[in-house]
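K.L.:
Have a look at this one.
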Amino acid sequence: ERGGYDHFMLKEIFEQPETLRSCMSGRINVEGTNVALSGIIDHIDKFKKARRILIIACGTSWHAGLIGEYLIEEFCRIPVEVEYASEFRYRNPVIEPDDIVIAISQSGETADSLAAIELARKAGAFVYGVCNVVGASIPRNTDSGSYTHCGPEIGVASTKAFTAQVMVLTMMALTIGKEKATVTDERYLHLLKELQNIPDKITSILALNDKIKELSLIFTYAHNFIYLGRGYSYPIALEGALKLKEISYIHAEGYPAAEMKHGPIALIDNEMPIVAIATNNAIYEKVVSNIQEIKARKGKVIAIINEGDKSIKALADYSIEIPITDECLDPILSCIPLQLLAYHIAVNKNRDVDMPRNLAKSVTVE
Ligand code: F6R
(Lines give C-alpha, C1' and ligand atoms only; values in the text may rest on other atoms or scores of the structure.)
Protein backbone atom coordinates (compact mmCIF):
# COMPACT_ATOMS: atom_id res chain seq x y z
CA GLU A 1 0.00 0.00 0.00
CA ARG A 2 3.03 2.24 0.30
CA GLY A 3 3.51 1.64 -3.40
CA GLY A 4 7.09 0.43 -3.06
CA TYR A 5 8.17 3.42 -0.98
CA ASP A 6 9.66 2.96 2.50
CA HIS A 7 7.21 5.39 4.05
CA PHE A 8 3.88 7.00 3.25
CA MET A 9 5.55 10.37 3.58
CA LEU A 10 7.96 9.64 0.75
CA LYS A 11 5.16 8.23 -1.39
CA GLU A 12 3.09 11.34 -0.77
CA ILE A 13 6.01 13.63 -1.60
CA PHE A 14 6.46 11.80 -4.90
CA GLU A 15 2.74 11.91 -5.67
CA GLN A 16 2.73 15.69 -5.86
CA PRO A 17 2.95 16.14 -9.64
CA GLU A 18 -0.16 13.95 -9.91
CA THR A 19 -2.07 15.40 -6.95
CA LEU A 20 -1.55 18.92 -8.24
CA ARG A 21 -2.80 17.88 -11.65
CA SER A 22 -5.98 16.54 -10.07
CA CYS A 23 -6.30 19.69 -7.99
CA MET A 24 -6.26 21.81 -11.17
CA SER A 25 -8.35 19.45 -13.24
CA GLY A 26 -11.81 20.74 -14.12
CA ARG A 27 -10.85 24.12 -12.69
CA ILE A 28 -8.34 25.38 -15.23
CA ASN A 29 -9.48 24.74 -18.81
CA VAL A 30 -7.17 22.71 -21.07
CA GLU A 31 -6.29 25.76 -23.15
CA GLY A 32 -5.05 27.41 -19.97
CA THR A 33 -7.09 30.54 -20.50
CA ASN A 34 -9.54 30.36 -17.62
CA VAL A 35 -9.67 29.27 -14.01
CA ALA A 36 -12.88 28.98 -12.06
CA LEU A 37 -13.48 27.54 -8.62
CA SER A 38 -17.20 26.83 -8.49
CA GLY A 39 -17.43 27.57 -4.77
CA ILE A 40 -16.14 31.08 -5.50
CA ILE A 41 -18.15 31.67 -8.66
CA ASP A 42 -21.36 30.68 -6.85
CA HIS A 43 -20.74 33.48 -4.33
CA ILE A 44 -18.73 35.90 -6.43
CA ASP A 45 -20.64 38.99 -5.29
CA LYS A 46 -19.71 38.28 -1.69
CA PHE A 47 -16.05 38.00 -2.64
CA LYS A 48 -16.17 41.14 -4.77
CA LYS A 49 -17.52 43.22 -1.95
CA ALA A 50 -15.54 41.60 0.86
CA ARG A 51 -14.02 44.24 3.13
CA ARG A 52 -11.54 41.84 4.57
CA ILE A 53 -10.60 38.18 4.47
CA LEU A 54 -9.60 36.31 7.60
CA ILE A 55 -7.74 33.06 7.14
CA ILE A 56 -7.79 30.65 10.05
CA ALA A 57 -5.89 27.39 10.31
CA CYS A 58 -3.32 25.46 12.36
CA GLY A 59 0.19 24.15 11.66
CA THR A 60 1.08 23.48 8.05
CA SER A 61 -2.35 24.68 6.90
CA TRP A 62 -1.61 28.00 8.63
CA HIS A 63 1.59 28.26 6.57
CA ALA A 64 -0.46 27.75 3.41
CA GLY A 65 -2.69 30.54 4.74
CA LEU A 66 0.27 32.94 4.91
CA ILE A 67 0.96 32.29 1.24
CA GLY A 68 -2.76 32.79 0.60
CA GLU A 69 -2.48 36.22 2.24
CA TYR A 70 0.26 37.30 -0.15
CA LEU A 71 -1.63 35.92 -3.16
CA ILE A 72 -5.01 37.44 -2.29
CA GLU A 73 -3.56 40.82 -1.43
CA GLU A 74 -1.50 40.85 -4.63
CA PHE A 75 -4.22 39.73 -7.03
CA CYS A 76 -7.48 40.80 -5.36
CA ARG A 77 -6.40 43.87 -3.36
CA ILE A 78 -8.47 42.70 -0.38
CA PRO A 79 -6.81 43.04 3.05
CA VAL A 80 -6.10 39.64 4.56
CA GLU A 81 -5.28 38.55 8.08
CA VAL A 82 -4.04 35.08 8.92
CA GLU A 83 -4.63 33.72 12.38
CA TYR A 84 -4.05 30.58 14.33
CA ALA A 85 -7.50 29.11 14.94
CA SER A 86 -6.55 28.43 18.56
CA GLU A 87 -5.89 32.13 19.18
CA PHE A 88 -8.81 33.45 17.17
CA ARG A 89 -11.39 31.40 19.03
CA TYR A 90 -10.50 32.69 22.46
CA ARG A 91 -9.92 36.40 21.96
CA ASN A 92 -13.30 37.89 21.05
CA PRO A 93 -12.12 38.96 17.56
CA VAL A 94 -13.80 41.69 15.50
CA ILE A 95 -15.85 39.99 12.79
CA GLU A 96 -18.11 42.05 10.52
CA PRO A 97 -20.85 40.77 8.23
CA ASP A 98 -18.82 41.73 5.13
CA ASP A 99 -15.85 39.71 6.28
CA ILE A 100 -15.07 36.41 4.67
CA VAL A 101 -13.42 33.71 6.73
CA ILE A 102 -11.38 31.06 4.95
CA ALA A 103 -10.70 27.95 7.04
CA ILE A 104 -7.90 25.74 5.76
CA SER A 105 -7.66 22.17 7.05
CA GLN A 106 -6.40 18.96 5.53
CA SER A 107 -8.41 16.69 7.83
CA GLY A 108 -11.41 18.99 8.14
CA GLU A 109 -11.62 17.82 11.76
CA THR A 110 -9.19 20.06 13.66
CA ALA A 111 -11.02 21.06 16.85
CA ASP A 112 -9.61 24.59 17.10
CA SER A 113 -10.40 25.34 13.44
CA LEU A 114 -13.91 23.98 13.80
CA ALA A 115 -14.55 26.10 16.89
CA ALA A 116 -13.14 29.19 15.13
CA ILE A 117 -15.51 28.82 12.18
CA GLU A 118 -18.46 28.31 14.49
CA LEU A 119 -17.57 31.60 16.16
CA ALA A 120 -17.21 33.34 12.79
CA ARG A 121 -20.55 32.05 11.52
CA LYS A 122 -22.32 33.16 14.70
CA ALA A 123 -20.91 36.64 14.09
CA GLY A 124 -22.42 36.61 10.61
CA ALA A 125 -19.32 36.04 8.50
CA PHE A 126 -19.38 33.99 5.33
CA VAL A 127 -17.16 30.97 5.85
CA TYR A 128 -15.27 29.25 3.05
CA GLY A 129 -13.50 25.93 3.60
CA VAL A 130 -10.34 24.67 1.92
CA CYS A 131 -10.24 21.02 3.01
CA ASN A 132 -9.00 17.71 1.76
CA VAL A 133 -11.18 15.08 3.43
CA VAL A 134 -14.52 15.09 1.66
CA GLY A 135 -17.53 15.34 3.94
CA ALA A 136 -15.49 16.06 7.10
CA SER A 137 -16.83 18.33 9.84
CA ILE A 138 -15.35 21.59 8.52
CA PRO A 139 -16.73 21.25 4.98
CA ARG A 140 -20.09 20.33 6.52
CA ASN A 141 -20.08 23.49 8.64
CA THR A 142 -19.05 26.08 6.04
CA ASP A 143 -21.11 28.13 3.59
CA SER A 144 -19.04 27.08 0.61
CA GLY A 145 -15.58 25.82 -0.20
CA SER A 146 -13.10 24.06 -2.44
CA TYR A 147 -11.61 20.65 -1.88
CA THR A 148 -7.90 20.17 -2.42
CA HIS A 149 -8.48 16.77 -4.09
CA CYS A 150 -5.05 15.32 -3.32
CA GLY A 151 -6.26 11.93 -2.06
CA PRO A 152 -5.81 10.51 1.43
CA GLU A 153 -2.74 11.76 3.25
CA ILE A 154 -1.50 9.10 5.67
CA GLY A 155 1.90 10.41 6.81
CA VAL A 156 1.41 12.63 9.85
CA ALA A 157 3.68 15.30 8.35
CA SER A 158 1.64 17.12 5.76
CA THR A 159 3.25 17.33 2.30
CA LYS A 160 0.95 16.84 -0.67
CA ALA A 161 -1.96 18.43 1.20
CA PHE A 162 0.14 21.56 1.70
CA THR A 163 1.02 22.01 -1.98
CA ALA A 164 -2.61 21.37 -2.93
CA GLN A 165 -3.79 23.99 -0.40
CA VAL A 166 -1.40 26.52 -1.92
CA MET A 167 -2.61 25.56 -5.38
CA VAL A 168 -6.26 26.09 -4.39
CA LEU A 169 -5.44 29.45 -2.81
CA THR A 170 -3.62 30.47 -6.00
CA MET A 171 -6.58 29.50 -8.18
CA MET A 172 -8.87 31.27 -5.75
CA ALA A 173 -6.88 34.53 -5.86
CA LEU A 174 -6.84 34.40 -9.66
CA THR A 175 -10.57 33.64 -9.89
CA ILE A 176 -11.47 36.59 -7.67
CA GLY A 177 -8.80 38.85 -9.18
CA LYS A 178 -10.13 38.32 -12.66
CA GLU A 179 -13.71 39.07 -11.58
CA LYS A 180 -12.58 42.23 -9.78
CA ALA A 181 -10.23 43.20 -12.61
CA THR A 182 -7.45 43.63 -10.06
CA VAL A 183 -5.12 41.39 -12.07
CA THR A 184 -4.15 42.26 -15.65
CA ASP A 185 -5.17 39.85 -18.44
CA GLU A 186 -1.54 39.42 -19.34
CA ARG A 187 -0.48 38.38 -15.85
CA TYR A 188 -3.56 36.18 -15.44
CA LEU A 189 -2.85 34.27 -18.64
CA HIS A 190 0.85 34.01 -17.90
CA LEU A 191 0.17 32.54 -14.45
CA LEU A 192 -2.38 30.03 -15.73
CA LYS A 193 0.14 28.77 -18.29
CA GLU A 194 2.80 28.56 -15.65
CA LEU A 195 0.51 26.74 -13.19
CA GLN A 196 0.17 24.01 -15.78
CA ASN A 197 3.97 23.66 -15.92
CA ILE A 198 4.26 23.20 -12.14
CA PRO A 199 3.75 19.38 -12.05
CA ASP A 200 6.60 18.78 -14.54
CA LYS A 201 8.85 21.14 -12.66
CA ILE A 202 8.14 19.19 -9.47
CA THR A 203 9.06 15.98 -11.28
CA SER A 204 12.45 17.47 -12.09
CA ILE A 205 12.95 18.49 -8.43
CA LEU A 206 12.07 14.96 -7.30
CA ALA A 207 14.92 13.74 -9.51
CA LEU A 208 17.25 15.46 -7.01
CA ASN A 209 16.20 13.02 -4.29
CA ASP A 210 19.54 11.13 -4.24
CA LYS A 211 21.51 14.34 -4.06
CA ILE A 212 19.36 15.59 -1.17
CA LYS A 213 19.75 12.25 0.60
CA GLU A 214 23.53 12.61 0.35
CA LEU A 215 23.35 16.14 1.69
CA SER A 216 21.18 14.96 4.58
CA LEU A 217 24.03 12.77 5.84
CA ILE A 218 26.17 15.84 6.51
CA PHE A 219 23.54 17.37 8.77
CA THR A 220 21.99 14.41 10.57
CA TYR A 221 23.70 15.26 13.85
CA ALA A 222 23.06 19.00 13.89
CA HIS A 223 21.23 20.13 17.03
CA ASN A 224 19.62 23.20 15.54
CA PHE A 225 18.63 24.54 12.16
CA ILE A 226 17.56 27.96 10.93
CA TYR A 227 15.42 28.38 7.80
CA LEU A 228 15.32 31.76 6.10
CA GLY A 229 13.24 33.26 3.33
CA ARG A 230 11.72 36.57 2.30
CA GLY A 231 8.51 37.48 0.52
CA TYR A 232 6.71 34.40 -0.77
CA SER A 233 9.59 32.28 0.55
CA TYR A 234 9.10 33.34 4.16
CA PRO A 235 6.17 30.97 4.82
CA ILE A 236 8.26 28.22 3.20
CA ALA A 237 11.01 28.88 5.74
CA LEU A 238 8.44 28.29 8.48
CA GLU A 239 7.13 25.17 6.78
CA GLY A 240 10.60 23.74 6.14
CA ALA A 241 11.46 24.19 9.81
CA LEU A 242 8.20 22.57 10.94
CA LYS A 243 8.75 19.53 8.70
CA LEU A 244 12.21 19.01 10.20
CA LYS A 245 11.10 19.45 13.84
CA GLU A 246 8.12 17.18 13.70
CA ILE A 247 9.75 14.15 12.13
CA SER A 248 13.44 14.40 13.11
CA TYR A 249 12.97 16.09 16.53
CA ILE A 250 15.76 18.54 15.68
CA HIS A 251 15.11 22.05 16.89
CA ALA A 252 14.53 24.33 13.92
CA GLU A 253 13.28 27.85 13.44
CA GLY A 254 11.97 29.65 10.40
CA TYR A 255 12.60 33.37 10.13
CA PRO A 256 12.13 36.15 7.61
CA ALA A 257 15.75 36.66 6.53
CA ALA A 258 15.85 40.38 7.28
CA GLU A 259 14.74 39.81 10.89
CA MET A 260 17.96 37.95 11.65
CA LYS A 261 19.77 41.14 12.57
CA HIS A 262 17.14 41.89 15.22
CA GLY A 263 18.27 39.02 17.40
CA PRO A 264 18.65 35.53 15.97
CA ILE A 265 21.92 36.30 14.19
CA ALA A 266 23.50 35.94 17.63
CA LEU A 267 22.90 32.18 17.26
CA ILE A 268 25.10 31.85 14.19
CA ASP A 269 28.42 30.06 14.47
CA ASN A 270 30.22 27.42 12.44
CA GLU A 271 27.95 24.70 13.80
CA MET A 272 24.70 26.28 12.71
CA PRO A 273 23.16 25.03 9.47
CA ILE A 274 21.07 27.66 7.72
CA VAL A 275 18.68 26.70 4.97
CA ALA A 276 18.16 29.77 2.79
CA ILE A 277 15.31 29.79 0.30
CA ALA A 278 17.02 32.06 -2.20
CA THR A 279 15.19 31.63 -5.48
CA ASN A 280 14.84 34.60 -7.82
CA ASN A 281 12.48 37.25 -6.64
CA ALA A 282 12.11 40.99 -6.46
CA ILE A 283 14.41 41.18 -3.45
CA TYR A 284 17.05 38.72 -4.61
CA GLU A 285 19.86 41.21 -3.96
CA LYS A 286 18.69 41.65 -0.39
CA VAL A 287 18.72 37.90 0.13
CA VAL A 288 22.29 37.82 -1.20
CA SER A 289 23.34 40.31 1.46
CA ASN A 290 21.49 38.38 4.18
CA ILE A 291 23.51 35.30 3.18
CA GLN A 292 26.74 37.30 3.22
CA GLU A 293 25.98 38.35 6.80
CA ILE A 294 25.61 34.68 7.76
CA LYS A 295 28.77 33.60 5.97
CA ALA A 296 30.68 36.39 7.74
CA ARG A 297 29.72 34.60 10.99
CA LYS A 298 30.71 31.21 9.59
CA GLY A 299 27.23 29.69 9.43
CA LYS A 300 26.83 26.69 7.11
CA VAL A 301 24.52 27.70 4.31
CA ILE A 302 22.36 25.28 2.32
CA ALA A 303 20.73 27.41 -0.36
CA ILE A 304 17.69 26.61 -2.47
CA ILE A 305 18.45 28.50 -5.67
CA ASN A 306 17.22 28.66 -9.23
CA GLU A 307 18.96 26.80 -12.03
CA GLY A 308 21.63 29.07 -13.45
CA ASP A 309 22.12 31.14 -10.29
CA LYS A 310 25.72 32.18 -9.76
CA SER A 311 25.93 34.73 -6.93
CA ILE A 312 24.34 32.66 -4.19
CA LYS A 313 25.83 29.42 -5.43
CA ALA A 314 29.28 30.98 -4.94
CA LEU A 315 28.44 32.06 -1.40
CA ALA A 316 26.63 28.97 -0.12
CA ASP A 317 28.29 25.84 1.23
CA TYR A 318 25.75 23.62 -0.52
CA SER A 319 23.07 24.43 -3.00
CA ILE A 320 20.02 22.75 -4.46
CA GLU A 321 18.96 24.07 -7.88
CA ILE A 322 15.30 24.13 -8.78
CA PRO A 323 13.52 25.33 -11.95
CA ILE A 324 12.51 28.95 -12.32
CA THR A 325 8.88 29.89 -12.05
CA ASP A 326 6.93 33.04 -11.32
CA GLU A 327 7.73 34.43 -7.89
CA CYS A 328 4.19 33.91 -6.59
CA LEU A 329 4.20 30.22 -7.59
CA ASP A 330 7.65 29.54 -6.22
CA PRO A 331 6.45 28.24 -2.81
CA ILE A 332 4.95 25.15 -4.49
CA LEU A 333 8.38 24.29 -5.86
CA SER A 334 10.71 25.43 -3.11
CA CYS A 335 8.94 23.42 -0.41
CA ILE A 336 9.70 20.12 -2.21
CA PRO A 337 13.46 19.92 -1.50
CA LEU A 338 12.73 20.89 2.12
CA GLN A 339 10.23 18.03 2.46
CA LEU A 340 12.88 15.65 1.13
CA LEU A 341 15.63 17.05 3.34
CA ALA A 342 13.49 16.65 6.48
CA TYR A 343 12.49 13.16 5.40
CA HIS A 344 16.05 11.92 4.86
CA ILE A 345 17.40 13.45 8.06
CA ALA A 346 14.59 11.74 10.01
CA VAL A 347 15.28 8.41 8.29
CA ASN A 348 19.01 8.76 9.05
CA LYS A 349 18.07 9.21 12.70
CA ASN A 350 15.83 6.15 12.61
CA ARG A 351 12.74 8.13 13.47
CA ASP A 352 9.22 6.88 12.96
CA VAL A 353 8.65 9.17 9.98
CA ASP A 354 5.00 8.39 9.36
CA MET A 355 4.00 8.43 13.01
CA PRO A 356 6.22 10.86 14.89
CA ARG A 357 6.03 10.79 18.69
CA ASN A 358 3.37 12.92 20.38
CA LEU A 359 1.56 13.75 17.12
CA ALA A 360 -1.72 12.64 15.60
CA LYS A 361 -2.98 13.02 12.06
CA SER A 362 -6.07 14.85 13.09
CA VAL A 363 -6.09 16.95 16.20
CA THR A 364 -9.67 16.62 17.37
CA VAL A 365 -8.94 17.83 20.88
CA GLU A 366 -7.88 21.33 21.81
C1 F6R B 1 2.23 19.40 10.07
C2 F6R B 1 0.91 18.94 10.41
C3 F6R B 1 0.08 19.73 11.36
C4 F6R B 1 -1.26 20.04 10.71
C5 F6R B 1 -2.20 20.75 11.67
C6 F6R B 1 -3.50 21.15 11.01
O7 F6R B 1 2.86 18.58 9.15
O8 F6R B 1 0.48 17.94 9.90
O9 F6R B 1 0.73 20.92 11.72
O10 F6R B 1 -1.02 20.83 9.57
O11 F6R B 1 -2.47 19.92 12.77
O12 F6R B 1 -4.18 20.03 10.53
P13 F6R B 1 -5.37 20.16 9.52
O14 F6R B 1 -4.83 20.75 8.25
O15 F6R B 1 -5.91 18.78 9.34
O16 F6R B 1 -6.38 21.10 10.12
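The values are calculated or read from the model by the stated rules, or taken from the named source; none is laboratory data. What you see is a predicted model; the values in this text were computed from it and never measured. Methodologically, a virtual Cβ is constructed for each residue, glycine included, from the backbone with ideal geometry; neighbour enumeration extends over all protein chains shown. Each accessible area value is taken on the protein alone, full model and side chains, heavy atoms only, with ligands, DNA and RNA left out. Shrake-Rupley method; radii C 1.70, N 1.55, O 1.52, S 1.80 Å.
K.L.:
Can you tell me the orientation of helix 59-76 relative to the chain, as the angle in degrees between its alpha-carbon axis and the longest Cα principal axis, to the nearest 10?
P.N.:
That helix lies at roughly 70 degrees to the long axis.
K.L.:
With runs of 4+ DSSP H residues as the only contributors, calculate the mean residue ellipticity of the chain at 222 nm using -39,500 (n - 2.57) per run, divided by the residue total and rounded to the nearest 500.
P.N.:
Calculated from helices alone, the mean residue ellipticity at 222 nm is -14000 deg cm²/dmol.
K.L.:
Let me ask something else about it. Any idea how far apart M355 and E1 come out in nm if each label point goes 7 Å out from Cα toward Cβ?
P.N.:
Result: 1.1 nm between the two label points.
K.L.:
Moving on. Among residues other than T19 whose Cβ falls under 10 Å from its Cβ, what is the net charge (Lys/Arg +1, Asp/Glu -1)?
P.N.:
-2
K.L.:
Please work out the FRET efficiency for the pair N34 and A282, using the Cβ-Cβ distance as r and a Förster radius of 35 Å; give the result to the nearest 0.05. Don't jump to the answer; show the numbers that get you there.
P.N.:
Working: r = 27 Å, r/R0 = 0.78.
My answer for the efficiency is 0.80.
K.L.:
Reported to two decimal places, what Rg/Rh ratio describes region 73-188 when computed on Cα atoms with Rh from the Kirkwood expression?
P.N.:
My calculation of the ratio gives 0.98.
K.L.:
Oh, and also: Please report, in debye to the nearest 20, how large the charge dipole of region 68-209 is about its Cα centre when each Lys and Arg carries +1 at its beta carbon and each Asp and Glu carries -1 there.
P.N.:
On the way: 12 positive and 19 negative charges, 58 e Å.
Once rounded to the nearest 20, the dipole reads 280 debye.
K.L.:
Still on this structure, I have one more. Give, in nm to one decimal, the length gained when the segment between A181 and Q292 is fully stretched (0.36 nm per residue of separation minus the Cα-Cα distance).
P.N.:
Residue separation times 0.36 nm, minus the Cα-Cα distance, leaves 35.9 nm.
K.L.:
Can I ask one more? Stretched out fully, how many nm does the piece from A207 to A123 gain, at 0.36 nm a residue minus the Cα gap?
P.N.:
Answer, rounded to one decimal: 25.4 nm.
K.L.:
Moving to a separate point now. Quick one: with all protein chains in place, what share of the accessible area of the chain is carbon or sulfur, to the nearest percent (1.4 Å probe)? Mind showing how you got there, number by number?
P.N.:
On the way: 7380 of 14780 Å².
The nonpolar share, carbon plus sulfur, comes to 50 percent.
K.L.:
Next question, about the same structure. Going down the table (K261/K310; K245/K349; K201/K298; K46/K193; K243/K349), which pairs top 21 Å between alpha carbons? Don't skip to the answer; put the middle values down first.
P.N.:
Values: K261/K310 25 Å; K245/K349 12 Å; K201/K298 33 Å; K46/K193 28 Å; K243/K349 14 Å.
Too far apart for the 21 Å limit: K261/K310; K201/K298; K46/K193.
K.L.:
So what J values fall out for region 44-54 if you push phi through Karplus, 6.51 cos²θ - 1.76 cosθ + 1.60 with θ = phi - 60°, rounded to Hz, Gly and Pro as x?
P.N.:
For region 44-54, the Karplus curve yields 4, 5, 4, 5, 5, 9, 4, 7, 6, 10, 10 Hz.
K.L.:
Wrap a convex hull around the Cα atoms of region 48-90, take a quarter of its surface area, and give that in square nanometres.
P.N.:
With every direction weighted equally, the projected area is 3.0 nm².
K.L.:
Under unit Cβ charges (Lys, Arg +1; Asp, Glu -1), what dipole magnitude, rounded to 20 debye, does the chain have relative to its Cα centre?
P.N.:
300
K.L.:
Give me the angle, in degrees from 0 to 90, between the Cα long axis of helix 160-180 and the longest principal axis of the Cα atoms of the chain, rounded to the nearest 10.
P.N.:
With both axes taken from Cα atoms, the answer is about 50 degrees.
K.L.:
If you don't mind, another one. Please work out how much length the chain gains when fully extended from A258 to R52, using 0.36 nm per residue of separation minus the C-alpha to C-alpha distance, in nm with one decimal. All intermediate terms of the calculation are to be shown ahead of the outcome.
P.N.:
On the way: separation 206, 0.36 × 206 = 74.16 nm, distance 2.76 nm.
Between A258 and R52, full extension yields an extra 71.4 nm.
K.L.:
Could you give the spread of the C-alpha atoms of region 178-289 along their three principal axes, from largest to smallest, in whole angstroms?
P.N.:
So the extents along the principal axes, rounded to whole Å, are 49, 36, 25.
K.L.:
I've got another one for you. Over region 160-214, average the accessible area per residue using a 1.4 Å probe and give it in Å², no decimals.
P.N.:
39
K.L.:
Sequence gap at least 6, Cα distance under 8 Å: using those rules, report the relative contact order of region 46-157 to the nearest whole percent. Could the numbers behind the result be given before it?
P.N.:
Numbers: 213 pairs, mean separation 26.7, N = 112.
Once divided by the residue count of region 46-157, the mean separation gives 24 percent.
K.L.:
If contacts are Cα pairs under 8 angstrom and at least 6 residues apart, what is the relative contact order of region 126-178 in percent?
P.N.:
Relative contact order here is 30 percent.
K.L.:
Based on the Cβ-Cβ distance of K193 and S22, what FRET efficiency does E = 1/(1 + (r/R0)^6) give at R0 = 22 Å, to the nearest 0.05?
P.N.:
The formula returns an efficiency of 0.70 here.
K.L.:
Run the simple label-point estimate for N141 and R91 please: 7 Å along Cα→C-beta, distance reported in nm.
P.N.:
2.1
K.L.:
Quick one: angle between helix 209-219 and the longest Cα principal axis of the chain, in degrees between 0 and 90, rounded to 10, please.
P.N.:
Roughly 60 degrees between the two axes.
K.L.:
I would also like to ask the following. Take each of the peptides 142-149, 308-315, 74-81, average the number of other beta-carbon atoms within 10 Å over its residues, and list them starting from the highest.
P.N.:
Put in order of decreasing packing, that is 142-149, 74-81, 308-315.
K.L.:
Which one of V287, G299, I312 has its Cα pushed farthest toward the positive end of the charge dipole of region 274-357, where Lys and Arg give +1 and Asp and Glu give -1 at the Cβ?
P.N.:
Ranked along the dipole, the leading option is G299.
K.L.:
Okay, moving on. Let me check against my output: what whole-number percent is the relative contact order of the chain, with C-alpha pairs under 8 Å and at least 6 apart?
P.N.:
Reported relative contact order: 19 percent.
K.L.:
Moving to a separate point now. Along region 361-366, what does the Karplus equation 6.51 cos²θ - 1.76 cosθ + 1.60 (θ = phi - 60°) give for ³J(HN,Hα), rounded to whole Hz, x for Gly and Pro?
P.N.:
Ordered by residue, 3J(HN,Hα) equals 5, 10, 9, 8, 10, 8 Hz.
K.L.:
While we're looking at this one, here's another question. Expressed as cubic angstrom per residue, what is the convex hull volume of the alpha carbon set of the chain?
P.N.:
That works out to 133 Å³ per residue.
K.L.:
Next up: With no solvent and one point per C-alpha, what does the Debye sum give as log10 I(q)/I(0) for region 268-366 at q = 0.13, 0.22 Å⁻¹?
P.N.:
Relative scattering, expressed as log10 I(q)/I(0), comes to -0.58, -1.10.
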